[in-house]
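Remarks on the structure that follows.
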Amino acid sequence: MTQTLTPTTPPIEGSHLILYDVSWEMYEQLLEIFAQRPTPRMTYYQGTLELITPLPEHERYGWTFGRLITILCEELGLEILGFKSTTWRSKPKAAGKEADECFYIQNEAVMRGKIKIDLKVDPPPDLALEIDVTHSSIDKMAVYTELKVPEVWRFANGQLTIHILTEVGYIESETSLAFGSFPVKELTQFIQLDSQKGENARMREFRVWVRSRI
């Protein structure tokens, strides 16, 4: 007998659900069910499925980081292709993940014009962003390792850490593969919310700051 799941009531902001012994087929069915909904966000790893509905804090930080990364690429003369919270998955590795934001930068020219992406033939995103404001029950970096994402930024407690994929897994780095020696960790000074200053004003200040550093 085939099990069918359908959404009922809207999820509550910040809710968190863990399911065990979930088949890959069920995971794909859930992805299809929720394909047209912004929530919940799903992470799948070797039979464990985590469903989270993001908090407003989480979404706001992700949106702002996305703007900063886009502006930084503009000022550095780099092309960029954003896929936001696209689901990346690998059936052979039994791993699937929705980044908070993700981008092609080094491989932008290769992926330009593509909408449908198949990780069996296409490269994974060059950069993924994780906003850590809630605890996850799945090791996110293990999932990203299986998906072979070369660089992951994690933002937690006001601090940005850069993780670069190596043959032995991710290691923390002071510099970014995508942006070289540019001091990307200093982007956090433009992330903090300011009740006296609008976001566009902060983005203009950020452009000025970037230009002063290049």
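Do you know which of the residues in segment 111-136 that are of a type in the set (Val, Ile, Thr) and part of a loop (DSSP other than H, G, I, E, B) is modelled with the lowest pLDDT? Before the answer, list the steps.
If we filter segment 111-136 for residues that are of a type in the set (Val, Ile, Thr), which is where we start, we get 115, 117, 121, 131, 133-134.
When the remaining residues are screened for being part of a loop (DSSP other than H, G, I, E, B), the result is 115, 117, 121, 133-134.
Values: Ile115: 85, Ile117: 89, Val121: 93, Val133: 77, Thr134: 72.
The residue in question is Thr134.
Select, from Glu75, Glu108, Glu98, the only residue that is modelled with pLDDT under 95, acidic (Asp, Glu) and open to solvent by less than 50 Å² (accessible area, probe 1.4 Å).
Working: Glu75 fails: modelled with pLDDT under 95; Glu108 fails: modelled with pLDDT under 95.
Going through Glu75, Glu108, Glu98 in turn, the sole match is Glu98.
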Can you find even one residue in segment 51-72 that is assigned to a loop (DSSP other than H, G, I, E, B), out of contact with any Gly (no Cβ under 9 Å at 6 or more places or on another chain) and modelled with pLDDT of 95 or more?
-> no
For segment 160-181, how many residues are part of a strand (DSSP E or B) and under 13 Å from Leu129 (Cα atoms)?
-> 6
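Select from segment 17-27 the residues that are in a helix (DSSP H, G or I), open to solvent by less than 90 Å² (accessible area, probe 1.4 Å) and free of Cβ contacts under 8 Å to residues at least 40 places away in the same chain and list them in ascending order.
As a first pass, look at segment 17-27 and keep what is in a helix (DSSP H, G or I): 24-27.
Next cut, open to solvent by less than 90 Å² (accessible area, probe 1.4 Å) only: 24, 26-27.
The one that is in a helix (DSSP H, G or I), open to solvent by less than 90 Å² (accessible area, probe 1.4 Å) and free of Cβ contacts under 8 Å to residues at least 40 places away in the same chain: Met26.
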Restricting to segment 40-58, what's the tally of residues that are closer than 17 Å to Ile131 by Cβ and either surrounded by fewer than 17 Cβ atoms within 10 Å (Cβ to Cβ) or free of Cβ contacts under 8 Å to residues at least 12 places away in the same chain (or both)?
-> 3
For segment 129-152, enumerate the residues that are out of contact with any His (no Cβ under 7 Å at 6 or more places or on another chain) and open to solvent by 30 Å² or more (accessible area, probe 1.4 Å).
-> Asp132, His135, Ser137, Asp139, Thr145, Glu146, Lys148, Pro150
For Leu187: the one exception among (1) part of a strand (DSSP E or B); (2) touching a residue at least 24 places away in the same chain (Cβ under 8 Å) | (1)
Residues being of a type outside the set (A, V, I, L, M, F, W, C), open to solvent by 80 Å² or more (accessible area, probe 1.4 Å) and touching a residue at least 24 places away in the same chain (Cβ under 8 Å): count how many of those fall in segment 193-206.
-> 0
Which number in (1) in contact (Cβ under 8 Å) with a residue 60 or more places away in the chain; (2) in contact with a strand residue (DSSP E or B) (Cβ under 9 Å, 6 or more places away or on another chain); (3) farther than 27 Å from Glu50 by Cβ; (4) not β-branched (Val, Ile, Thr) marks the one condition that Lys140 misses?
-> (3)
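Against the condition touching a strand residue (DSSP E or B) at 6+ places or on another chain (Cβ under 9 Å), surrounded by fewer than 16 Cβ atoms within 10 Å (Cβ to Cβ) and without any contact (Cβ under 8 Å) to a residue 60 or more places away in the chain, how does Ile115 come out, does it pass? Walk me through how you get there before you give the answer.
Working: touching a strand residue (DSSP E or B) at 6+ places or on another chain (Cβ under 9 Å): no; surrounded by fewer than 16 Cβ atoms within 10 Å (Cβ to Cβ): yes; without any contact (Cβ under 8 Å) to a residue 60 or more places away in the chain: yes.
Taking the combined requirement at face value, the residue does not satisfy it.
The values are calculated or read from the model by the stated rules, or taken from the named source; none is laboratory data. Treat the numbers as computed from the prediction; the structure is a model and nothing was measured. Positions of Cβ are backbone-derived with ideal geometry, glycine not excepted, and every protein chain shown enters the neighbour counts. The area values use the complete protein model at the heavy-atom level, side chains included, leaving out ligands, DNA and RNA. Shrake-Rupley method; radii C 1.70, N 1.55, O 1.52, S 1.80 Å.
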